[in-house]
Amino acid sequence: MTGTGRQRSAAEKLVVLRRHTQDGVPWVRLAADAGVSPRTLGRWAARFRDEPSSAGLARRSRADLGRRRVASGLVEVIEALALQRPAPTTAFVHRRVADIARDRGLPSPGYSTVRAVIAGIDPGLRTLAEKGDAAYRDRFELVWRRSAKRPNEQWQADHTELDVVVTENGKPARPWLTVIEDDHSRAVAGYTVFIGAPGAEQTALALHQAVSVKTDPAWPVCGLPDVLYSDHGSDFTSQRLERVCLDTHIQLIHSRIGVPQGRGKIERFYGTITTELLPHLPGFIPHGNGGKPVSTPTLTLAELDAALHRFIVADYNHRVHSETGQAPIDRWNAAGFIPRLPAHPEDIDLLLLTAATTRKVQRDGIRFASTRYVSPVLAAYVGEQVTVRYDPRDAAEIRVWFDDTFLCRAIAPELAAGTVTLKDLQQARSARRKELKTLLHERRSLADALPTDTRHTPPAPTDTAAPEPAAPEPDRPAGEPPRHRLHLYAADTD
């Protein structure tokens, strides 16, 4: 049977009791076979009668289980000492509590008791005491994860420094990446990669690409979001970005300062980039390597941009997302979604912040970045100073603004697929010349119709007497030539 000196389970106790209730084995013999006293069997039977199940025979916990035999008030003292900053050692707390207990005339708790009290402190309370509010919020505060119900309902924008080194102008540098991601589908709508600290310029360029219709048919994500959720940094709080969002009816929402939990989805995409793309590129920097690449950096910024484009468009956007169960592109295109586009393309051109200087319109167009840009609209602005904005990834055209008003898109014939013909320029010049001649004729007619200018005309004489008639010339003999004040050559030849 079962030996002595071992705690029996409820099932074993039930088997022993059934030998008495069903087989009729006496208690004394049953106790001898089970290795327990008859009194113990009696207690088992009484507990089973009160609760006829295996739970009634289970081992009961001690009534004082979990209670520390520490004098009243000393538990709070132990916790107060343990929650100091910097956190003291357990031995230090034990010595201090022992001194306090002796001064109060109380029994001193043992070292193991003090250690158990410290270990039982609430982890949230310990984190709050040792690491502060931010660490407690990041680890213990409840997070409400909002998920958009349809595409373009909410976009997220954020920056990250990539764990790779590129060579720019012969110098190594770590690039930054700005990404615009659709919250519903997890599809990347736009991005920009650059050297230097993040700023409003990079944010605007990424948003401009996200809103615009892409030339690549494999990347259909475009349109205006209802909400743009971003960080609270200065690069996301520029007046120009706020103006564009206001003009295009985009609600711009900033996360709480120092609270990054709301941007967890885009942070997950950055993790995907770090683990699945960058390790295959030269110049990759592994985690914990002190910022040093494990291979020689050979990529340029343009080559890294091309690699990111291929990964986003051909890989990430078209593979099944583990959380949504759908590919981002398929989820974005679901149910025949039609994106909301700007009423006028120039509404989002204010996002192109790269060009902040002005240019003078010449007779043959605008000279910018050693390239000539032309447009028929510029014929009316020859000699004027205009503002030029452009997309660094598309040097074939520029946007031209005059007095904060959009004028046109000027193209570089050498770079653009569509060019402005000579006939277009001739028609533009003729129309402008005709317009100016008509205006000139109108102004001259108006000037002729104005009253005579008499500001400095001398006043008329006041004597009204009639002037004396001139004396008649005396009769000259026939054949006598007329008299002249000047000596004439014709008179000498007579």
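Values computed for the structure shown
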item	result
Residue that is modelled with the highest pLDDT [pool: residues in segment 304-343 that are outside any helix (DSSP H, G or I) and among the charged types (D, E, K, R)]	Arg319
Count - residues of segment 358-406 that are assigned to a loop (DSSP other than H, G, I, E, B) and of a type in the set (Ser, Thr, Tyr)	2
2 or more residues of a type in the set (Phe, Trp, Tyr) and either over 14 Å from the mean Cα position of the chain (by Cα) or within 23 Å of Glu242 (Cβ to Cβ) (or both): qualifying strands (runs of 3 or more DSSP E) within segment 169-224	188-194
Failed item, numbered, when Leu341 is tested on (1) surrounded by 14 or more Cβ atoms within 10 Å (Cβ to Cβ); (2) assigned by TED's automatic domain parsing to the domain that holds Arg186; (3) more than 23 Å from Ile266 (Cβ to Cβ)	(2)
Pro88 being assigned to a loop (DSSP other than H, G, I, E, B) and over 60 Å from the mean Cα position of the chain (by Cα)	no
Number of the condition not met by Asp183 [criteria: (1) over 17 Å from Asp391 (Cβ atoms); (2) modelled with pLDDT under 90]	(2)
Any hit, segment 152-169, residues being free of Cβ contacts under 8 Å to residues at least 40 places away in the same chain, buried (at least 20 other Cβ atoms within 10 Å of the Cβ), in contact with a Pro (Cβ under 8 Å, 6 or more places away or on another chain) and at negative phi	no
Residues satisfying the stated conditions in segment 370-406, i.e. surrounded by 13 or more Cβ atoms within 10 Å (Cβ to Cβ), free of Cβ contacts under 8 Å to residues at least 40 places away in the same chain, under 25 Å from Glu201 (Cα atoms) and out of contact with any Ser or Thr (no Cβ under 8 Å at 6 or more places or on another chain)	Tyr373, Asp394, Ala396, Glu397
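The values are calculated or read from the model by the stated rules, or taken from the named source; none is laboratory data. Predicted, not measured: the structure shown is a model, and the values here were computed from it. Cβ sites come from the backbone with ideal geometry, for glycine too, and all protein chains shown count toward neighbours.
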